[in-house]
Amino acid sequence: MRIAVVTSPGEVELRDTPVPPCGDDDVLIRVEACGLCTMEAKLFAGAMPVYPVAAGHEVSGRVERVGEHAAALEDAPEVGDLVTADLLTRCGACRSCRRGDSAVCESPQGGSLPDGTITMGAGLAEYVRVPASQVWPVGDASPVHAAMAEPLACVVHSLRRAAFRTGDRVTIIGAGYMGRLHLALALHLQARSVAVVETDERRRELARAAGASGAVAPEAVKELPRADTVFVTIASSAAITTALSAVADGGRIVLFGGSPDALPATLPGYEIHRRQLTITGSYSQEPEDWRVAAQLLRGKALANQLDQLVSGRYPLADAHQALEEVCGGQAFRVYVGAH
Ligand SMILES: [Zn+2]
Ligand SMILES: [Zn+2]
């Protein structure tokens with residue numbers, strides 16, 4: 001089968017590799033679509049120099065083969081089903097995994113192709129093989145929407161970390177792809193209001209058109225109603241200062257985007273105390289989040305919103321161009337595959 005491998009910054013090779021063997025506990029999937037996320041962008045741009053690497057962890061596809069033991073699973077996938085799959089395997093053995101907090105697994109396992117290429121998802125390929133327990137059928141959702149299951153599961157996780165309840169007021173900092181998924185889910189779950197704070201005017205307009213109750217630049221954050229929960233979806237410590245202005249007393253701030261800057265050494269301790277604020281992190285997703293995301297996709301409740309987030313589609317042979325578009329910085333999500 002063909003697989004796209006990033007061999008050095010800015011270089012992608014289409015290589016031939018054997019179709020992975022499907023063990024008794026596995027499912028073999030013919031990939032329909034693979035979304036390109038910041039991890040792939042960092043590998044391609046050289047910000048995460050691990051080469052050669054087979055990336056791509058946001059996939060959907062049709063089940064080609066099902067291992068013998070897989071039939072015993074709840075929601076067992078069958079040949080021909082459209083599915084999405086968790087390709088980033090957790091160890092199952094560390095303290096975090098044993099507590100059920102597998103998002104913070106201490107040794108998430110990678111792998112390699114027969115030629116030694118490091119795998120980080122390896123979804124930019126014609127087939128992926130995955131343990132059956134990490135496969136989620138998504139009914140007749142569109143394959144590109146189905147490939148949004150992984151980031152959507154991350155957002156389900158984020159709302160769970162926020163203890164979100166219907167009727168809450170929400171503010172989202174950053175209206176890029178992950179911010180927009182937060183917007184879509186919070187609207188679907190009937191937040192009282194969902195506002196966004198975003199520096200880019202075009203993205204503010206798009207968020208308003210998608211149903212945001214308000215969309216302002218960071219300087220104007222005080223114009224928004226104070227929020228029960230503020231989701232920080234961009235990677236910047238300035239956004240945390242904005243979040244402190246956006247949150248209501250007693251509210252929560254969820255740090256969803258990974259900040260490259262060190263947090264200011266002095267936390268506003270008195271403010272957190274006096275205003276009874278909760279500041280928490282949200283990283284990755286867990287099986288429970290996949291279950292919810294798969295159902296949201298099956299039910300197509302978010303289909304309209306998800307359509308707006310597809311910026312480009314490329315065949316596998318044009319993976320290089322697809323990665324260039326992602327690194328251009330304007331795209332929401334770009335898809336590679338047969339779809
Ligand atoms: Zn991702
Ligand atoms: Zn673990």
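The values are calculated or read from the model by the stated rules, or taken from the named source; none is laboratory data. Keep in mind the model is a prediction, meaning the values are calculated, not measured. Note: ideal-geometry Cβ built from the backbone for every residue, glycine included; neighbour counts use all protein chains shown.
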> So residue 134 fits all but one of (1) closer than 19 Å to residue 20 by Cα; (2) away from ligand 2 (no atom under 16 Å from the Cβ); (3) surrounded by fewer than 19 Cβ atoms within 10 Å (Cβ to Cβ); what number is the exception?
Replying inline: (2)
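Can you say whether residue 210 is over 22 Å from residue 259 (Cβ atoms), touching a Gly at 6+ places or on another chain (Cβ under 9 Å) and among the small types (Gly, Ala, Ser), as far as the supplied structure shows?
no
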>> I'm checking my understanding of the structure. Among residues of segment 102-118 that are assigned to a loop (DSSP other than H, G, I, E, B) and touching a Lys or Arg at 6+ places or on another chain (Cβ under 6 Å), which one is nearest to ligand 1 (Cβ to nearest atom)?
In response: 108
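Looking only at segment 217-236, filter to residues that are over 22 Å from residue 168 (Cβ atoms) and at pLDDT 95 or above; which one of those is farthest from the chain's Cα centre (by Cα)?
That would be 219.
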>> With the requirement that a residue be surrounded by fewer than 20 Cβ atoms within 10 Å (Cβ to Cβ) and either of a type in the set (S, T, N, Q) or not assigned by TED's automatic domain parsing to the domain that holds residue 141 (or both), what does segment 63-105 give you?
In response: 89, 96
> Which condition does residue 214 not pass, out of (1) under 25 Å from residue 153 (Cβ atoms); (2) in contact with a Ser or Thr (Cβ under 8 Å, 6 or more places away or on another chain); (3) surrounded by 17 or more Cβ atoms within 10 Å (Cβ to Cβ); (4) of a type outside the set (D, E, K, R), if it passes all the others?
Replying inline: (1)
> When you scan segment 65-91, how many residues do you find that are within 22 Å of residue 110 (Cα to Cα) and in contact with a Lys or Arg (Cβ under 9 Å, 6 or more places away or on another chain)?
Replying inline: 1
